[in-house]
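Have a look at the structure below, then the notes.
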Amino acid sequence: DAGITQSPRYKITETGRQVTLMCHQTWSHSYMFWYRQDLGHGLRLIYYSAAADITDKGEVPDGYVVSRSKTENFPLTLESATRSQTSVYFCASSGQISNQPQHFGDGTRLSIL
Amino acid sequence: GDSVTQMEGPVTLSEEAFLTINCTYTATGYPSLFWYVQYPGEGLQLLLKATKADDKGSNKGFEATYRKETTSFHLEKGSVQVSDSAVYFCALSDQAGTASKLTFGTGTRLQVTL
């Protein structure tokens, strides 16, 4: 089925470890986004991408790395995880026309011990 | 920068009660406004949107009107159901750039009881 899928759904890791969250969409949407959701903050944009090989920082990019070698994939890497990065991470995608709604994955709940 | 302010929750209502969730925004230019809903364990889903002043977005009995004069986009429903229990997010999109980045409010949890 078409859609946007995130993996894994749940992840527990330790501080200092590298962890990669995957996001895959089947709509061929140009734009993809990574958000983190924390109580009291709503969703905050980490990174976004307008097309393959084009990425840009959002509101809270520190400690994260992204890449987009293919239009359909947008992995998010925590190079050296910290406890403050414990959160629920959402990937989203949208079409090229400005202000099209974003479509969200079901999220990855990441716990860093 | 852009910002969205929502009323704090949780909001607890009895079934068939009237719902209002307040949302105000600060933005440069002319943003589009959205309401997203998040059911437990799921991602956000678009509920409704409005792209210019005085537009009314509506879906599943929910409505919101883009009020430029009061910079507001309050969500309303005349008769809520238990199945409406969820977290509701107000958001605006940045029209100034080429990417449709969204700025979200902190979310309002709605709990509807029988």
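Values in this text are rule-based calculations from the coordinates and carry no lab data. Everything quoted here is computed from the prediction, not taken from an experiment. In this analysis, Cβ positions are derived from the backbone assuming ideal geometry, glycine residues included, and neighbour counts consider all displayed protein chains.
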When we measure straight from the Cα of B:Lys49, which lysines land under 23 angstrom away, once same-chain ones fewer than 8 places off are left out?
B:Lys60, B:Lys68, B:Lys77, B:Lys101
If you place +1 on the Cβ of every Lys and Arg, -1 on the Cβ of every Asp and Glu, and leave all else neutral, what size is the dipole of the range B:61-114 about its Cα centre, to the nearest 20 Debye?
100 debye
Whole-Å semi-axes of the protein assembly as shown's equivalent ellipsoid (Cα gyration tensor):
29, 21, 16
Per residue, how much space in cubic angstrom lies within the convex hull of the C-alpha atoms of chain A?
95 Å³
For A:Ser7 and A:Gln96, what does the FRET efficiency come to when R0 = 25 Å and r is the distance between their Cβ atoms, rounded to the nearest 0.05?
0.45
Taking the range A:12-113 and dividing mean pair separation by its residue count, relative contact order in percent (alpha carbons under 8 Å, at least six apart):
34 percent
Cut-off under 5 Å, modelled amide H: who pairs with A:Tyr31 long-range:
A:Ser94
To the nearest 20 Debye, how big is the dipole of chain B about its Cα centre, given +1 on the beta carbon of each Lys and Arg and -1 on that of each Asp and Glu?
220 debye
Put +1 on the Cβ of each Lys and Arg and -1 on the Cβ of each Asp and Glu in chain B; which of B:Val80, B:Thr12, B:Leu33 then has its Cα farthest toward the positive end of the dipole?
B:Leu33
Under 19 Å from the 7 Å Cα→Cβ point of B:Asp54, by amide nitrogen: which residues of the range B:13-40?
B:30-33
In chain B, what % of DSSP beta bridges are antiparallel (nearest 5)?
90 percent
Work out the charge dipole of the range A:1-109 with +1 on the Cβ of Lys and Arg and -1 on the Cβ of Asp and Glu about the Cα centre, then indicate which of A:Trp34, A:Gly16, A:Gly3 is farthest towards its positive end.
A:Gly16
Give, rounded to the nearest 20 debye, the magnitude of the charge dipole that chain A has about its Cα centre when Lys and Arg contribute +1 at Cβ and Asp and Glu contribute -1 at Cβ.
220 debye
Quick one: what do you get for chain B if you divide its Cα Rg by 2.2 N^0.38 Å?
1.03
Length released on extending from B:Tyr39 to B:Glu15, taking residue separation times 0.36 nm less the Cα-Cα span
6.9 nm
Going by Cα centres, the range B:1-74 and the range A:1-64 are how many Å apart?
24 Å
